[in-house]
Amino acid sequence: MASTFTTNLKIQQIANGEQSGYWGTTTNTNWNLIEQAVAGVLTINMANADYTLSNLNGASDEARNMVLNVTGTNSAIRQVVAPLVPKVYLVVNNTSGGYAITIGGSSGSTVTIPTGSNTLVYCDGTNFYSGIPAGVTS
């Protein structure tokens, strides 16, 4: 069986007997990718357009980050398009222009985040859901 990548976080699973002498490098890369998924912060400049997160096998990408800090000036509601895989995000709408943003996949339901708000969202592989109401602060 050849090495494969996991569906959700795109972590490389080394097949038995593969990568002799190289598995340490792959393992270290995997740990860096896991760290990005748990603690990574990405700033996105929407530039008045929808923004699709990059999603790569075995390499640093945008969709793996835990926190999405969305900036830019919008003249309409814009969407952050994320992969349809089980994942949790903290989304911060730091855009200007007075418009909400949404996060969701290429299909299914989305979550709306008003300007100046942040919320926890999660995807079940098909739809996005709000983990907490937008605008709730502690």
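The values are calculated or read from the model by the stated rules, or taken from the named source; none is laboratory data. A quick note: this is a predicted structure, and the numbers were derived from the prediction, not measured. Cβ coordinates were reconstructed from backbone atoms using ideal geometry, including for glycine residues, and neighbour counts include every protein chain displayed. Note: areas computed on protein heavy atoms with side chains; ligands, DNA, RNA excluded. Shrake-Rupley method; radii C 1.70, N 1.55, O 1.52, S 1.80 Å.
Brief remarks follow.
- DSSP bridge orientation in the chain - percent antiparallel, rounded to nearest 5: 45 percent
- Mean residue ellipticity (222 nm) of the chain, computed from DSSP H runs ≥ 4 via -39,500 (n - 2.57), nearest 500: -4000 deg cm²/dmol
- Probe 1.4 Å, protein heavy atoms only - accessible area per residue of the chain in square angstrom: 52 Å²
- Over the stretch 1-65, volume per residue of the alpha carbon convex hull, in Å³: 83 Å³
- Each listed q (0.12, 0.15 Å⁻¹) maps to a log10 I(q)/I(0) for the chain from the Debye sum over equal C-alpha point scatterers, namely -0.50, -0.72.
- Spin-label model, ASN8 to SER107: label points 7 Å out along the Cα-to-beta-carbon direction sit 2.2 nm apart.
- Spacing of the modelled spin labels on TYR22 and ASN45, each 7 Å from Cα toward Cβ, amounts to 3.6 nm.
- Among VAL92, GLY105, ILE77 - extreme Cα towards positive end, dipole of the chain, charges at beta-carbon: ILE77
- LEU56 paired with SER130, simple spin-label distance in nm, labels 7 Å along Cα-to-beta-carbon: 3.4 nm
- For the stretch 8-120, a crude dipole built from +1 on the beta carbon of Lys and Arg and -1 on the beta carbon of Asp and Glu, taken about the Cα centre, is about 160 debye to the nearest 20.
- Of the accessible area of the stretch 75-121, computed with a 1.4 Å probe over protein heavy atoms only, carbon and sulfur atoms account for 56 percent.
- For the chain, the longest principal axis of the C-alpha atoms and the axis of helix 23-39 are separated by about 20°.
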